Amino acid sequence: MMTGLDAILPTLNGGLQGYLVVALLLFAIGLAAVLLRRTLLMQFMGVELMLNAANVALLAFARFRGGDSQAMVFYLFIIAVAACEAAVGLALVIGLYRHRDTTDSDRAASLKQ
Amino acid sequence: MFITFALITLLSALGMLLQKNIIVAGLFMVGAFFGVAGLFVLLANPVAAALQIIVYTGAIMVLVLFVIMMLNSHEEEKAQSPRAIQRWLSIAVVAALAVGAVKLVFASPGLKALAIRGAAMPEAMTLQKVGLTLFADHVLGFEVAGLLLLAAMIGAVALTKRNL
């Protein structure tokens, strides 16, 4: 259990828990960007941040399980999916900007033209 | 070293969240990705660090910055409706999630055991090991990923082209 800062700081410094805390905070910041910002491109960057947080957690677990190379394969697949998501997502943002002249997700709330 | 890269990552991400200008926010994202690449080096995984820099900062963020500059809308537009309640609610939810999850990480005995068991630094990940695992056990997944990339490319062209 938590017994003050003196007990936490040594585990933070390069331990498994330290990497997981960084991953969790990165995920929280990405989620906050998606929820709080209205510009689609900012929300998109928030999603990228959340994907990166998942990668940090995945590779941290791989290192503490003795350098498992399966995790690298999954990391490659995550990167491939992130690249696809970037291409299609940005194409959709450009399409929205052409039709509505905005990149604000609040202004694109109706399905009708 | 860990604290340095962790701070680079988290402060850059925080700067991205709070920045009004989208281009500057994109550059903060590049900083965050470099911090994550540093963390990967500390995790004995130079392959992942190189891929992180090549794919995320070299390809994805360049694409995003390219679109930002093309669209010519660098500042966040004025809110149509303020939605103050939703904003405060989402801040509260994100903060509760972060604090709860961090508490859980420190309270978990399983994680503590794993951290002690795997404390010895493993051999650094090499491209050879990754390639052997990828092509021995995951050939089908590799092919599907290639197909997915092709489909995304065709989809992006179809979505942005004015008239096919």
Give me the base-10 log of I(q)/I(0) for the protein assembly as shown at each q in 0.07, 0.12, 0.14 Å⁻¹, Debye formula, one uniform scatterer per Cα, rounded to two decimals. -0.28, -0.81, -1.05
Taking 7 Å along the Cα-to-C-beta vector as the label spot, tell me the B:ALA119-B:ILE91 distance in nanometres, rounded to one decimal. 4.1
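Placing unit charges on C-beta atoms (Lys and Arg positive, Asp and Glu negative, everything else neutral), compute the dipole magnitude of the range A:63-113 about its Cα centre in debye, rounded to 20. Write down the numbers at each step before the final one.
Numbers: 6 positive and 5 negative charges, 10 e Å.
The dipole of the range A:63-113 has a size of about 40 debye.
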Scan chain B and hand back the longest stretch that contains none of the trypsin sites (Lys or Arg not before Pro) lying in DSSP loops with at most 16 other Cβ atoms within 10 Å. B:84-160
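Rounded, prolate or oblate for the range B:57-164? Axes are the square roots of the Cα gyration tensor eigenvalues, ordered a ≥ b ≥ c, and the cut-off for rounded is a/c under 1.5.
Details: a/c = 2.67, a/b = 1.13, b/c = 2.37.
Verdict is oblate for the range B:57-164.
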Chain B - mean residue ellipticity at 222 nm from DSSP helices (-39,500 (n - 2.57) per run, n ≥ 4, rounded to 500): -24000 deg cm²/dmol
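So what's the back-of-envelope 222 nm ellipticity for chain A, counting only DSSP H runs of four-plus at -39500 (n - 2.57) apiece and dividing by all residues, rounded to 500?
Working: 4 runs with 85 residues, N = 113.
Rounded to the nearest 500, the figure is -26000 deg cm²/dmol.
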About the Cα centre, charge dipole magnitude for the protein assembly as shown (Lys/Arg +1, Asp/Glu -1 at Cβ), debye: 500
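How high is the relative contact order of chain A, given as a whole-number percent (alpha carbon pairs under 8 Å, six or more residues apart)?
Dividing the mean separation by the residue count of chain A yields 24 percent.
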For the range B:28-108, run through the chymotrypsin sites (Phe, Trp or Tyr not before Pro) and keep only the ones in DSSP coil with at most 11 other Cβ atoms within 10 Å of their Cβ. none
Shielding score for B:86-92, defined as the mean number of other chain Cβ atoms within 10 Å: 2
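Laboratory data are not the source of any read-out in this text; all were calculated from the coordinates shown. What you see is a predicted model; the values in this text were computed from it and never measured. A quick note on method: Cβ atoms are made from the backbone with ideal geometry, for glycine too, and the neighbour counts reach across all protein chains shown.
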